[in-house]
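These notes are about the structure you will find just below.
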Protein chains: 2
Amino acid sequence: MTRKKKKATIHDISKALGFNSSTVSRALNDSPLIADKTKKIILEKSKELGYQRNSLASKLRTNKTKTIGVIVPRIARHFCSSVIAGIEEMAFDKGYDVIICQSLETVKREKKLLDTLLANRVDGVLIAISMETTNFDHLENYKNEGFPLLFFDRPCDIEGCTNVVIDDFKASFDATEHLIRKGCKNIVHFSGPKTLALYRNRWRGYRAALEKNNIPLNDNYIFESKLMEKDGVIGAQKILSLPEVDGVFSANDTTAISAMQYLKKNGKNVPEDIAFVGFNNEPMSAVFAPSLTTIHQPGFEMGRMASSLLFEEIDGTRRVKGDQVKVLNPELIIRDSTSKHMLSESI
Amino acid sequence: MTRKKKKATIHDISKALGFNSSTVSRALNDSPLIADKTKKIILEKSKELGYQRNSLASKLRTNKTKTIGVIVPRIARHFCSSVIAGIEEMAFDKGYDVIICQSLETVKREKKLLDTLLANRVDGVLIAISMETTNFDHLENYKNEGFPLLFFDRPCDIEGCTNVVIDDFKASFDATEHLIRKGCKNIVHFSGPKTLALYRNRWRGYRAALEKNNIPLNDNYIFESKLMEKDGVIGAQKILSLPEVDGVFSANDTTAISAMQYLKKNGKNVPEDIAFVGFNNEPMSAVFAPSLTTIHQPGFEMGRMASSLLFEEIDGTRRVKGDQVKVLNPELIIRDSTSKHMLSESI
DNA sequence: CTTAAATATGCAATCGATTGCATTATTTAT
DNA sequence: ATAAATAATGCAATCGATTGCATATTTAAG
């Protein structure tokens, strides 16, 4: 009873009507070769039989899957899901399907997913590599098969690949300078793994802002971690032992908030004692008290941009030589966590 | 140069070695029919040629895709992504691939996604239906094809389908009674669309708790909406015109927090003037001040449970007659938004 | 040293849709 | 009215892997 019904095929339609299956196929694809009258008959029969194209067969034959793969570290991450939203919108317009996967920040899963996508012959892949990914062989191999591969958010220097990123350097520069303008002199930076270009760039932006404002660099002020919640607590503890610290620029919001919570519990006031700037503009950052000044990344736009570039590559409109980089502009969102020292503001 | 390389097939291996392609196929599938010596030779050659199975061909031939589809309203939602995490873990163990899709709460997309999954001949589908879904024909049709279909979170009464849900009634009952114990007498309920069984159950739980405690029901206290952020603002405005209200049980956290923000801005104190209980245990609920008392749903567990039931159905271990329901237990997480009136606590 | 049994490999059909080329039916032009 | 052009349909190969059955090879048993 719940036995899997055999689904109708073009051959069933063909037999039922006396047309050849090639005619049926063409009719269902609305080919101009087929007479309108015939199309109508075939379409009706196909509805009657509950026909539905077997994509597997079609994809096998045509060697085109009209499907792209997307690998993100974690789909629950607000930024990732905005990018996905952008990708899906664009893909929908172009008639592509999207397979979404999460690497959970591990290379092992990343490799496996890439293999699966390849086995399913997706037409191209969009990827934000995992934090663990320091060796790029699997990505290069994939690229060498001749399939379009495009990096977003976390850039990667592979011949023939496009990178779509935001200007992390500028964003971090602005964020840090904002702290400086608010009067901060001793600014800690919560950095992610420097193996990722993205975190290196944020770190560079931070340093550049200090240098430009003649504030000496202090290596003790750089806390490198995976930027998880617990790393915020660890960071806050370190800060408590550095009483001169009056500002923090964190490379993500989660860690910033976790640190602020810990500091608040331990008698420090934000922003009066220590000002905070985060990165990512997570929903919780607007809701936390004090609300967190942070960098908004145009995730949705990035998704649209990345996918449209990928589609151009797939249909041959665009050829990538060397490596190409598209840079999107982030935006500093000023909130309460940096509202101190209004006096020293230039406005 | 970036030309798509033709990928090696079993026939290439077969030609290169002089074995028949069927032997190659069996060898690559580690069939006991093939001599170990031969397997080794074939495996080596396949590596040399960079062979990778064409899943499309394999799936077409075997009529088994080893892939399941998951449709959720929105992958960014914390609860959804925990369910997905649970599903992926289980699927990984069983050697299944997972295609994740989001309906964005629209029936139109839901239908389209179901079609696409069907066209790709997934072995089964897990779905949390969209808020708009009041007509179940597309789901029944899918089910009638004889494919396993399983509902989670948002139950749906279709012959032969299993539902995996949490006990919304009990959770809401507990949540409401918690407010009552804290001394609330005039409790508003933010409800979702009553077309969804889930929200009906939460509403029933709320009513039952009031009845049990001899608190009169008041229809003016039921605010029905789609539970978006803006609905929290609307709810808060209504509350301001009902000065006797001293508690709110919201069917989700987002709306609760948005309402609390608005009330705070307008001079009301939470929990002193109005206590709040939410639903879902979103990350931001722990971080908002005051932190929100809420219902935690075991999303991860639900994902594991739902997918393992689906796999049993796929491999025929389990047969579903009528409709089967698995109920998981939610947990009340008590935080600051209900910390008033400690005196009246029984403890 | 046969014969039966067991092991290893090959052959060919199959899954369902697509498509180049061939064929037939219908128009159009002369 | 007939040749030429155009439109509509059919034939058969193809995509790549799998698998029931047939065949060949080896091993074991008598």
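What follows draws every value from the coordinates through simple rules; no lab data is involved. From a predicted model like this one, the values you see are computed outputs, not experimental measurements. Here the Cβ positions follow ideal geometry from the backbone for every residue, glycine too, while neighbour counts run over all protein chains shown.
For B:THR317 and B:GLU272, the difference between the fully extended length at 0.36 nm per residue and the C-alpha to C-alpha distance is 10.8 nm.
Beyond 38 Å, what share of the Cα-Cα pairs of chain B remains, rounded to the nearest whole percent?
The calculated P(r) of chain B puts 34 percent of pairs beyond 38 Å.
About its Cα centre, the protein assembly as shown has a charge dipole of approximately 2680 debye under the convention of +1 per Lys or Arg Cβ and -1 per Asp or Glu Cβ, with nothing else charged. Springs between Cα atoms under 10 Å define the GNM used for chain B, and in it the highest mean-square fluctuation of B:SER337, B:SER14, B:SER258 occurs at B:SER14. Remark on the protein assembly as shown: ratio of C-alpha radius of gyration to 2.2 N^0.38 Å is 1.07. Averaged over the residues of peptide B:251-263, the number of Cβ atoms from other protein chains lying within 10 Å of each residue's Cβ is 1. In the neighborhood of B:GLU211, defined by Cβ-to-Cβ distances under 13 Å, what is the net charge if each Lys or Arg adds +1 and each Asp or Glu adds -1? Result for the neighbourhood of B:GLU211: +2.
Listed by Cβ neighbour count within 10 Å, with the fewest neighbours leading, B:PHE147, A:PHE169, A:PHE190, A:PHE136 appear as A:PHE136, A:PHE169, B:PHE147, A:PHE190. Comparing B:GLU44, B:GLU110, B:GLU312 in a Gaussian network model of chain B, where Cα atoms under 10 Å apart are tied by springs, the biggest mean-square fluctuation is seen for B:GLU44.
Computed from the Cα positions only, the extents of segment B:121-238 along the three principal axes stand at 54, 29, 18 Å, in decreasing order.
Compute, for chain B, the length of the dipole vector about the Cα centre, with Cβ point charges of +1 (Lys, Arg) and -1 (Asp, Glu) only. Units Debye, rounded to 20.
On the way: 50 positive and 43 negative charges, 366 e Å.
It works out to roughly 1760 debye.
Kirkwood Rh over Cα pairs of segment B:27-75 into Stokes-Einstein at 25 °C, 0.890 mPa s: D in µm²/s?
Working: Rh = 13.5 Å.
Estimated via Stokes-Einstein, D reaches 182 µm²/s.
When only the Cβ of Lys, Arg, Asp and Glu is charged (+1, +1, -1, -1), the dipole of segment B:1-145 relative to its Cα centre reaches about 960 debye. Each of A:HIS178, A:THR254, A:SER307 was scored by the projection of its Cα onto the charge dipole of chain A, and the greatest displacement toward the positive side belongs to A:SER307; charges sit on the C-beta of Lys, Arg, Asp and Glu.
Counting other C-beta atoms within 10 Å, which of B:LYS321, A:LYS326, A:LYS111 has the fewest, and how do the rest follow? It would help to have the intermediate numbers written out before the result.
Numbers: B:LYS321 9, A:LYS326 15, A:LYS111 18.
So the residues, fewest neighbours to most, are B:LYS321, A:LYS326, A:LYS111.
Please tell me which of these pairs span more than 26 angstrom C-alpha to C-alpha: B:LYS5/B:LYS59; A:LYS6/B:LYS39; A:LYS7/A:LYS59; A:LYS264/B:LYS340; B:LYS182/B:LYS268; A:LYS111/B:LYS112? Show your work: numbers first, answer last.
Working: B:LYS5/B:LYS59 22 Å; A:LYS6/B:LYS39 35 Å; A:LYS7/A:LYS59 18 Å; A:LYS264/B:LYS340 22 Å; B:LYS182/B:LYS268 18 Å; A:LYS111/B:LYS112 30 Å.
Result: A:LYS6/B:LYS39; A:LYS111/B:LYS112 exceed 26 Å.
How shielded is A:283-294 by partner chains, expressed as the average number of their Cβ atoms within 10 Å of its Cβ atoms?
On the way: counts 9, 8, 2, 2, 13, 4, 6, 1, 0, 0, 0, 0.
Counting Cβ atoms of other protein chains within 10 Å of each residue's Cβ and averaging gives 4.
Against chain B, whose longest principal axis comes from its Cα atoms, helix B:229-240 is set at around 10 degrees. Over chain A, DSSP H runs of length four or greater, each weighted -39,500 (n - 2.57), average out per residue to a 222 nm ellipticity of -13500 deg cm²/dmol.
If segment B:10-53 were replaced by its equivalent ellipsoid, with semi-axes equal to the square roots of 5 times the Cα gyration tensor eigenvalues, what would those be, largest first, whole Å? Display every interim value, and only then the final one.
Details: eigenvalues 41, 21, 18 Å².
That gives 14, 10, 9 Å for the three semi-axes.
Need one word for segment A:157-202: rounded, prolate or oblate. Basis is the Cα gyration tensor (sqrt eigenvalues a ≥ b ≥ c); a/c below 1.5 gives rounded, then a/b vs b/c decides. Note, shape of segment A:157-202 comes out oblate. Among the aspartates and glutamates, which have Cα under 16 Å from the Cα of A:LYS230 when same-chain residues fewer than 8 positions away are ignored? The reachable aspartates and glutamates, counting only those whose Cα sits under 16 Å from A:LYS230, are A:ASP253. All C-alpha to C-alpha distances of segment A:189-238, sorted into 5 Å bins beginning at zero, yield P(r) values of 5, 20, 27, 22, 18, 7, 1 percent in whole numbers.
How high is the relative contact order of chain B, given as a whole-number percent (alpha carbon pairs under 8 Å, six or more residues apart)? Please report the intermediate quantities before stating the final value.
Values: 609 pairs, mean separation 60.9, N = 347.
RCO, chain B: 18 percent.
Specify, per residue and in Å³, the volume enclosed by the convex hull of the alpha carbon atoms belonging to segment B:254-347.
Values: hull volume 13.1 nm³, N = 94.
Given the Cα convex hull of segment B:254-347, per-residue volume reads 139 Å³.
Note on chain B: with a GNM built from Cα contacts shorter than 10 Å, the maximum mean-square fluctuation among B:SER172, B:SER291, B:SER58 falls on B:SER58.
Based on Cα coordinates alone, diagonalise the gyration tensor for segment A:87-142, multiply each eigenvalue by 5, take square roots, and list the semi-axes in whole Å, largest first.
Values: eigenvalues 98, 31, 18 Å².
After scaling each eigenvalue by five and taking roots: 22, 12, 9 Å.
Going from the fewest other Cβ atoms within 10 Å to the most, the residues B:LEU126, A:LEU210, B:LEU332 appear in the order B:LEU332, A:LEU210, B:LEU126. Sorting the segments B:100-108, B:212-220 by their residues' average number of neighbouring beta-carbon atoms within 10 angstrom, most packed first, yields B:100-108, B:212-220. Taking the longest Cα principal axis of chain B as reference, the axis of helix B:78-94 is set at about 30 degrees.
Could you work out the mean count of beta carbons from other protein chains within 10 Å of each residue's beta carbon in A:140-153? Let's see the in-between values first.
Working: counts 0, 1, 0, 1, 3, 6, 7, 4, 2, 0, 0, 0, 0, 0.
For this peptide, the per-residue mean of nearby foreign Cβ atoms is 2.
Can you list the aspartates and glutamates whose alpha carbon is less than 13 Å from that of B:LYS321, not counting same-chain residues fewer than 8 positions off? Cross-link targets: B:ASP157, B:GLU159, B:GLU313.
Each part reduced to its alpha carbon centroid, segment A:179-214 and segment A:1-40 end up 63 Å apart. By how many degrees, 0 to 90 and rounded to 10, does the Cα axis of helix A:36-48 deviate from the longest principal axis of chain A? Helix A:36-48 and the main axis of chain A meet at about 70 degrees.
Local charge for A:ASN220 was computed over the other residues whose Cβ lies under 15 Å away, with Lys and Arg +1 and Asp and Glu -1, and equals -1.
Taking a sphere under 14 Å around the Cβ of A:LYS47 and counting the other residues whose Cβ falls inside, with K and R at +1 and D and E at -1, yields a net charge of +1. Of the residues A:ILE34, A:ALA16, A:ILE71, the one whose Cα sits farthest towards the positive end of the charge dipole of segment A:1-121 is A:ALA16 (charges of +1 on Lys and Arg Cβ, -1 on Asp and Glu Cβ, taken about the Cα centre).
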